[in-house]
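*Asks:* My questions all concern the structure below.
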């Protein structure tokens, strides 16, 4: 299908599609026979997931001492991974909420898998602070629940705000995703004759029948959810930023953190969207729906958010000098030239220099280059969080507290394992759910290629 | 044991696209039919209004729950810090409200968001696994490329023969009886 016409850089939907053709194409991808490639990918991800299982089991048995954390570097990989994963999730909500409210039609074919990406990324993220608690089985102490000592969480602490922000974010993301799925689940129910599938998808579709009154309320509810999710996504990473700026550590105690973190989150999230979109469109033949225009727009957004991040780095350096705070100044000098200087220059190369290549049209419009650059950016954003967490902590105020941080094999195993968890969930998602929101795609067909009034065969 | 004959639920007509459906819905409404419904694979703007279906009440529900969530979230922080477990930290006020805003906001979004989803489902009477229109095999297309209009048998103006003829005049690709 895609070979018939050359890829256009301006279109968000290839011409020649009808309501029936988009429905059949996307729903045809669900539950088709597993290909050897899919099975291989799933097996590799599941192997990493098993590694996570081993790492967590050993952690629960021995405690957080198996990680490289120490005092002063108490946060280590766990919080680095937490911030990285939750940042990745943000682009999904940005695409589904902000771009919907701004009537950006190019979001239509990427919002479904981007929302799934959000949910899975938040699951990976939420795991790390809980494991880092030391005694994860007491996680419910974080919540306000009636207890015999009549104690409350400390509601003035950003760390407690984070519990509320992340759990609300996860809940609303799942609700938003599910509400979007209902009409497509109904289409899956109607499109199959197999009894088991009809029962499962029919149950999930809740008896959706596309009634006019239902569509009207559905649309209202969906728009309201988008309106609620848009400020929510800003609040979540702002609160994550405040986790840092609430601490009086040089390199953390700064008011720039919330906006700079939100920019960085959307930056890394769009990188992840590209990382997922390029293989998805290639292996599932979705070039008609996820076009060059989508990749190009994501690349442009990476230039914008990458510039916000670069501005953040610049202001950090400027404030270290302008504040005349000797601890801040030392932190900045150590960040660039100290033991972790290599990590700092690595993040500058990945996050500030790499996105500049997206100014070149050929780079934006060549899928495999966009894909490779998106991997570089994600690596760079992980390094950024590593530098903020580890480098800031390892030079605390009195030199007697200074300590290096070295990750152990268990730190690396948990990080790789979380990637395995994400990939496993994502591979299962692409097999059991439509990767593109079909009901929204039909609206796009209506706008782009209206069907004639000739009666359609029954 | 007497097996009940399935009753007639209504007449279902299929149209080619959303515009044709909207046009047919206008004529059905003008002809005086009130017990009607239309089904489409995506939202056809204005269809519910044309058929005179009750307006959505989702927004007031979401607003109400959003306000309740905000009050509840703030009350929780205030109650814990001022009434139930006051802690004097460097003489700062117990009701340090700026610190409570983050949780107040999250509680607002949580309550409003859940009420948007649940409110929509409850107003739509979902989940509803059975509906007579599902008895029509061709209705499966309602989630693919089928645009349907149904005049229900309990409409005071409904007359099987006359209504069928009326629907046929609207130019549908098919008209079938819905039993259920």
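*Asks:* Take every residue in peptide B:41-54, count the Cβ atoms of other chains within 10 Å of its Cβ, and give the average of those counts. It would help to have the intermediate numbers written out before the result.
*Replies:* Working: counts 13, 14, 13, 6, 4, 2, 5, 8, 2, 1, 3, 0, 6, 3.
The mean count of partner-chain Cβ atoms within 10 Å per residue comes to 6.
*Asks:* Sort A:14-20, A:259-265 by the packing proxy (mean of other Cβ within 10 Å over each peptide's residues), most packed first. Write down the numbers at each step before the final one.
*Replies:* Details: A:14-20: 17.1, A:259-265: 24.3.
Highest mean packing first, the order is A:259-265, A:14-20.
*Asks:* So, one more: In what sequence, highest mean first, do A:83-96, A:244-257, B:138-151 appear when ranked by Cβ atoms within 10 angstrom?
*Replies:* Working: A:83-96: 28.8, A:244-257: 18.1, B:138-151: 23.7.
Put in order of decreasing packing, that is A:83-96, B:138-151, A:244-257.
*Asks:* For the range A:1-151, what is the largest minus smallest coordinate of the Cα atoms on each principal axis, given in angstrom and ordered from greatest to least?
*Replies:* 65, 40, 32
*Asks:* For a quick check, take a GNM of chain B with Cα springs below 10 Å and name the residue from B:158, B:134, B:94 with the largest mean-square fluctuation.
*Replies:* B:94
*Asks:* A follow-up question, please. Under a crude label model (7 Å from the Cα following the beta-carbon direction), how far is residue B:63 from residue A:311 in nanometres?
*Replies:* Those two pseudo-labels are separated by 3.5 nm.
*Asks:* Also, quick follow-up: Sequence gap at least 6, Cα distance under 8 Å: using those rules, report the relative contact order of chain A to the nearest whole percent.
*Replies:* Details: 611 pairs, mean separation 153.4, N = 458.
Answer for chain A is 33 percent.
*Asks:* Please give the contour-minus-distance gain from residue A:50 to residue A:366: 0.36 nm per residue of separation, less the Cα-Cα distance, rounded to one decimal in nm.
*Replies:* On the way: separation 316, 0.36 × 316 = 113.76 nm, distance 3.52 nm.
Gain on extension, residue A:50 to residue A:366, equals 110.2 nm.
*Asks:* Pick from B:85, B:39, B:130: which is most flexible by mean-square fluctuation in a GNM of chain B where alpha carbon atoms under 10 Å apart are linked?
*Replies:* B:85
*Asks:* By how many degrees, between 0 and 90 and to the nearest 10, does the Cα long axis of helix B:18-30 differ from the longest principal axis of chain B?
*Replies:* 80
*Asks:* Cα convex hull of the protein assembly as shown: how many Å³ per residue? Please list the in-between numbers first.
*Replies:* Values: hull volume 124.2 nm³, N = 638.
Each residue corresponds to 195 Å³ of Cα convex hull volume.
*Asks:* Shielding by partners for A:14-22, please: the mean number of other protein chain Cβ atoms within 10 Å of each residue's Cβ.
*Replies:* Values: counts 0, 0, 0, 0, 1, 10, 5, 1, 2.
Mean shielding count: 2.
*Asks:* Residue A:157 to residue A:353: extension gain in nm, 0.36 nm per residue of separation minus the Cα-Cα distance? Kindly include the intermediate steps, with their values, before the conclusion.
*Replies:* Numbers: separation 196, 0.36 × 196 = 70.56 nm, distance 3.60 nm.
Extra length from residue A:157 to residue A:353 when fully extended: 67.0 nm.
*Asks:* What ranking do B:99-112, A:42-55 get when scored by the average of other Cβ atoms within 10 Å per residue, highest first?
*Replies:* Details: B:99-112: 22.6, A:42-55: 16.7.
Highest mean packing first, the order is B:99-112, A:42-55.
*Asks:* Is there a simple number for the mean count of other chain Cβ atoms within 10 Å of the Cβ of residues in B:143-154, and what is it? It would help to have the intermediate numbers written out before the result.
*Replies:* Values: counts 18, 12, 12, 6, 3, 3, 1, 1, 0, 0, 0, 0.
Per residue, the number of nearby Cβ atoms from other chains is 5 on average.
*Asks:* Something else now. In Å, what Kirkwood hydrodynamic radius results for the range B:58-123 from the alpha-carbon pair distances? Working shown, then result.
*Replies:* Values: mean 1/r = 0.0782 Å⁻¹.
One decimal place: 12.8 Å for the Kirkwood radius.
*Asks:* Where the convex hull is taken over the Cα atoms of chain B, what is its projected area averaged over directions, in nm²?
*Replies:* Values: hull surface 65.6 nm².
Directional mean of the projected Cα hull area for chain B stands at 16.4 nm².
*Asks:* Checking the a/c ratio against 1.5 first, then a/b against b/c, what shape does the Cα gyration tensor give for the range B:123-167?
*Replies:* Details: a/c = 2.43, a/b = 1.44, b/c = 1.68.
Here the range B:123-167 falls in the oblate category.
FYI, it's all coordinate maths here, none of it is from the lab. Values in this document were obtained by computation on a predicted structure and should not be read as measured data. As a convention, Cβ positions derive from the backbone with ideal geometry for all residues, glycine included, and neighbour counts pool all protein chains shown.
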